[in-house]
1. Condition first: of a type in the set (K, R) and more than 19 Å from A:D103 (Cβ to Cβ). Can you find one or more residues in the range B:55-67 that meet it?
2. Does any residue in the range A:1-22 that is in contact (Cβ under 8 Å) with a residue 60 or more places away in the chain and at positive phi come within less than 9 Å, Cβ to Cβ, of a residue that is of a type in the set (D, E, K, R) and open to solvent by 60 Å² or more (accessible area, probe 1.4 Å) six or more places away or on a different chain, and which pairs are these?
3. Can you work out which of the residues in the range B:20-46 that are in a loop (DSSP other than H, G, I, E, B) and of a type in the set (K, R) is modelled with the lowest pLDDT?
4. Residue check: is B:D17 within 14 Å of chain A (Cβ to nearest Cβ), touching a residue at least 24 places away in the same chain (Cβ under 8 Å), of a type in the set (D, E, K, R) and assigned to a loop (DSSP other than H, G, I, E, B)?
5. Restricting to the range B:1-14, give me the number of residues that are surrounded by 13 or more Cβ atoms within 10 Å (Cβ to Cβ), in a loop (DSSP other than H, G, I, E, B) and within 11 Å of another protein chain (Cβ to nearest Cβ).
6. Only one of A:K87, A:K12 is at pLDDT 95 or above, more than 11 Å from the chain's Cα centre (by Cα) and surrounded by 15 or more Cβ atoms within 10 Å (Cβ to Cβ). Can you tell me which?
7. Please work out which residue is nearest to the other protein chains (Cβ to nearest Cβ), limiting yourself to the range B:69-102 and to residues that are β-branched (V, I, T) and under 11 Å from B:M4 (Cβ atoms).
8. Hey, any hits in the range B:49-63 for a residue that's of a type in the set (V, I, T) and touching a Leu at 6+ places or on another chain (Cβ under 6 Å)?
Amino acid sequence: QIQLVQSGPELKKPGESVKISCKASGYTFTDYAMHWVKQAPGKGLKWMGWINTYTGKPTYADDFKGRFVFSLEASASTANLQISNLKNEDTATYFCAREGAFDYWGQGVMVTVSS
Amino acid sequence: DIQMTQSPSFLSASVGDRVTINCKASQNINKYLNWYQQKLGEAPKRLIYNTNNLQTGIPSRFSGSGSGTDYTLTISSLQPEDFATYFCLQHNSFPGTFGSGTKLEIK
């Protein structure tokens, strides 16, 4: 069956970096783009952008340009999200979701940024 | 960006009740509206896609309707496992945007 399994929770200090992963199984990884979605505590969901899993080309929403990088390990059917120079407002759960109109989602990764 | 206004934010209901959740878009989204169920610590689960198409494996007590700017998720007879948070997503226009969520609680 189709699954997206994300890496575990992260606790970081402001200014540090974090890399979270999303491993896909049950389908051909390069057939579907991957989206990233942010859910801050008590807030709604916000689309961060997506990555073309065939070409590796990322597209970022305006609010996520600069410190956010989407990447792939296509041989491992894995999409990654790296956030650099972490700020308190990056504290959130980050989801990956498969294109196919967001049909399958990962379980989310809680990233906590605190000094 | 298209704004999605979801209502109500909280809903208290009993097992067996019929409930409806609404999403209103700031412009026509041509029925490109999905509904999801989210439980704590779990991946969101797509229930309905493109307004009224039931995702494989989802019980038929879930249904969707709507057109233009107004969309509705209906649960015909609540079951204990349905108490969760629900949200909508429009994917008609880039970027996709989400409703703010409805927390469905047991009365």
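The values are calculated or read from the model by the stated rules, or taken from the named source; none is laboratory data. This one's a predicted model, so the numbers in the text were calculated from it and none came from an experiment. FYI the Cβ positions are ideal-geometry reconstructions off the backbone, even for glycines, and counts take in every protein chain you see. The area values use the complete protein model at the heavy-atom level, side chains included, leaving out ligands, DNA and RNA. Shrake-Rupley method; radii C 1.70, N 1.55, O 1.52, S 1.80 Å.
1. yes
2. Every condition considered, the pairs that remain are A:G15/A:K87.
3. Among those that are in a loop (DSSP other than H, G, I, E, B) and of a type in the set (K, R), it is B:K39.
4. no
5. Final tally of qualifying residues: 1.
6. A:K12
7. Selected residue: B:T97.
8. Yes, some residue in the range B:49-63 is of a type in the set (V, I, T) and touching a Leu at 6+ places or on another chain (Cβ under 6 Å).
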